[in-house]
Ligand SMILES: Nc1ncnc2c1ncn2[C@@H]1O[C@H](COP(=O)(O)OP(=O)(O)OP(=O)(O)O)[C@@H](O)[C@H]1O
Ligand SMILES: [Mg+2]
Ligand SMILES: [Zn+2]
């Protein structure tokens with residue numbers, strides 16, 4: 001039966017909070033407490049702390065993390081190290097790989113096929129580069145050391161990334177680290193630990209009961225004349241930190257034992273964001289299948305490419321394409337102010353609409369209520385906050401040509417949504433995003449398109465749309 005590793009990623013965007021110390025020493029503790037559990041450690045950082053702690057003299061050189069990330073099975077690269085811990089040697093050449101790890105699930109796949117079993121610790125750099133992001137996606141457990149409020153604040157990008165990955169909040173555990181027990185507060189929170197724990201709970205994250213104190217003895221373990229780094233387990237007996245690591249290791253083992261088998265399903269179970277990511281495929285694929293004509297005026301967009309100002313897509317992704325800036329602004333002028341190009345005040349309305357429409361995503365949800373055809377129109381800013389909400393009542397579809405001021409809106413909806421399963425009014429929706437008229441296609445590039453979908457996912461979740 002194929003085995004899969006249980007991956008523990010240690011991450012924080014703040015440097016020097018004790019990530020590497022935590023990763024190395026937890027590996028040593030886990031192995032000491034459970035001899036038959038394979039424990040492997042590797043680092044995406046370019047210092048060689050792991051090598052200095054685990055290397056045994058006289059070993060044949062094997063590859064490093066670099067080769068692992070280039071696709072060599074990690075199982076073949078692991079060296080048996082000190083204290084029974086396996087390690088993959090570090091490399092200073094990982095930054096050249098970032099482009100290859102744009103897909104945040106790349107490492108998850110590599111680990112699933114690595115031949116590794118037991119527990120794998122991944123130590124990361126203090127930033128959210130693509131390798132760190134991959135390590136967060138691959139993790140069964142993410143440990144985030146936090147030493148003060150600013151490091152908690154610094155963790156918000158990690159929280160956001162995990163949320164995007166579709167993982168449960170339980171995957172993450174905060175560990176108060178390097179806590180100076182002498183600092184006491186004169187308020188309901190007695191000390192830093194209590195304050196951190198309270199704030200973490202408010203954010204919905206768990207914080208381990210055990211924190212790690214500052215200890216000069218622990219600090220001294222990294223500076224030795226022989227260049228080696230010694231573990232807390234063997235070289236800091238009698239310190240408070242010694243017992244704290246034991247408690248945290250016990251906590252990890254309890255979590256591991258409580259895990260339902262098989263783990264493979266956890267590794268490959270896609271979250272909502274990942275399902276979405278698959279649907280979107282790649283940039284070239286997204287450029288395919290765009291509608292030829294502007295759904296408002298019917299003109300072939302390639303005839304006047306510079307006129308493109310908006311990108312739209314439907315909830316089932318069946319209709320996607322560009323809209324002329326002027327066409328969609330007209331739709332909004334009519335829909336929001338009841339003004340057409342012949343009306344007085346149209347110029348002003350157009351200016352207002354143009355300014356806003358360039359910044360806001362517009363959601364259009366047509367539905368039929370008591371026989372009347374309505375459109376729920378909402379606009380959202382880039383962070384997903386709703387800026388405008390109107391309910392428009394159109395004449396029932398089929399009653400001639402729509403009804404005057406809403407003609408263009410009606411055309412837009414009919415053209416884009418009529419092919420939808422169930423048709424307009426059955427829960428289908430359309431979102432229109434502003435694009436850069438100089439480079440409209442750039443909205444379909446990886447990063448920007450991911451943001452488009454994050455925004456859409458957020459809107460849909462908030463409105464209960466599917
Ligand atoms: N409990 C502790 N008490 C005292 N010093 C500690 C403790 N834990 C770690 N240190 C020291 O703090 C420094 C930073 O620790 P470490 O390298 O583990 O942090 P890091 O988060 O991995 O840093 P970076 O972000 O640079 O990778 C090291 O010199 C380490 O020896
Ligand atoms: Mg480190
Ligand atoms: Zn048009």
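Restricting the search to the range 13-26, which residues are on the phi < 0 side of the Ramachandran plot and either near ligand 1 (Cβ under 6 Å from one of its atoms) or not assigned by TED's automatic domain parsing to the domain that holds residue 246 (or both)?
Applying the first criterion (on the phi < 0 side of the Ramachandran plot) to the range 13-26 yields 13-15, 17, 19-26.
Result: 15, 17, 19, 20, 21.
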Which ones in the range 299-319 are at pLDDT 90 or above and surrounded by fewer than 19 Cβ atoms within 10 Å (Cβ to Cβ)? 299, 300, 302, 303, 304, 305, 306, 307
Of the listed residues (335, 349, 325), the one being away from ligand 1 (no atom under 16 Å from the Cβ), assigned by TED's automatic domain parsing to the domain that holds residue 377 and under 18 Å from residue 366 (Cβ atoms) is 335
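To keep it simple, each residue is scored yes or no on (1) modelled with pLDDT of 75 or more; (2) outside any helix (DSSP H, G or I); (3) surrounded by 17 or more Cβ atoms within 10 Å (Cβ to Cβ).
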{"residue": "188", "(1), (2), (3)": "no, yes, no"}
{"residue": "196", "(1), (2), (3)": "yes, no, yes"}
{"residue": "202", "(1), (2), (3)": "yes, no, no"}
{"residue": "209", "(1), (2), (3)": "yes, yes, no"}
{"residue": "218", "(1), (2), (3)": "yes, no, yes"}
{"residue": "223", "(1), (2), (3)": "yes, yes, no"}
Within the range 9-41, track down each residue that is within 16 Å of ligand 2 (Cβ to nearest atom) and closer than 18 Å to residue 115 by Cβ. 41
Restricted to the range 32-56, and to residues that are crowded, with 23+ Cβ neighbours inside 10 Å and assigned to a helix (DSSP H, G or I), which residue is nearest to ligand 3 (Cβ to nearest atom)? 50
Only one of (1) under 27 Å from the mean Cα position of the chain (by Cα); (2) surrounded by fewer than 17 Cβ atoms within 10 Å (Cβ to Cβ) fails for residue 20. Which number is that? (2)
Residue 155 at pLDDT 80 or above, within 21 Å of residue 125 (Cβ to Cβ), surrounded by 20 or more Cβ atoms within 10 Å (Cβ to Cβ) and in contact with a strand residue (DSSP E or B) (Cβ under 9 Å, 6 or more places away or on another chain): yes
Residues being touching a strand residue (DSSP E or B) at 6+ places or on another chain (Cβ under 8 Å) and surrounded by fewer than 19 Cβ atoms within 10 Å (Cβ to Cβ): count how many of those fall in the range 121-140. 0
Of 93, 109, 100, the only residue that is away from ligand 3 (no atom under 16 Å from the Cβ), in a helix (DSSP H, G or I) and over 22 Å from residue 140 (Cα atoms) is 100
From the list 40, 49, 62, pick out the single residue that is within 31 Å of the chain's Cα centre (by Cα), more than 16 Å from ligand 1 (Cβ to nearest atom) and farther than 17 Å from residue 132 by Cα. 40
Mind listing whichever residues of the range 90-120 are crowded, with 24+ Cβ neighbours inside 10 Å and touching a strand residue (DSSP E or B) at 6+ places or on another chain (Cβ under 7 Å)? 116, 119, 120
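Whether any residue in the range 138-145 is assigned to a helix (DSSP H, G or I) and in contact with a helix residue (DSSP H, G or I) (Cβ under 6 Å, 6 or more places away or on another chain) is what I want to check. Spell out the reasoning first.
Step one: filter the range 138-145 for residues assigned to a helix (DSSP H, G or I), giving 138.
Among the residues that remain, those that are also in contact with a helix residue (DSSP H, G or I) (Cβ under 6 Å, 6 or more places away or on another chain) are: 138.
Yes; the residues of the range 138-145 include at least one that is assigned to a helix (DSSP H, G or I) and in contact with a helix residue (DSSP H, G or I) (Cβ under 6 Å, 6 or more places away or on another chain).
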Out of the residues in the range 5-16 that are crowded, with 23+ Cβ neighbours inside 10 Å and not in a strand (DSSP E or B), state the one that is nearest to ligand 3 (Cβ to nearest atom). 11
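The values are calculated or read from the model by the stated rules, or taken from the named source; none is laboratory data. All figures in this text were calculated on a predicted structure; none of them were measured in a lab. No Cβ is skipped: glycine too gets one built from the backbone with ideal geometry, and neighbour counts run over all protein chains shown.
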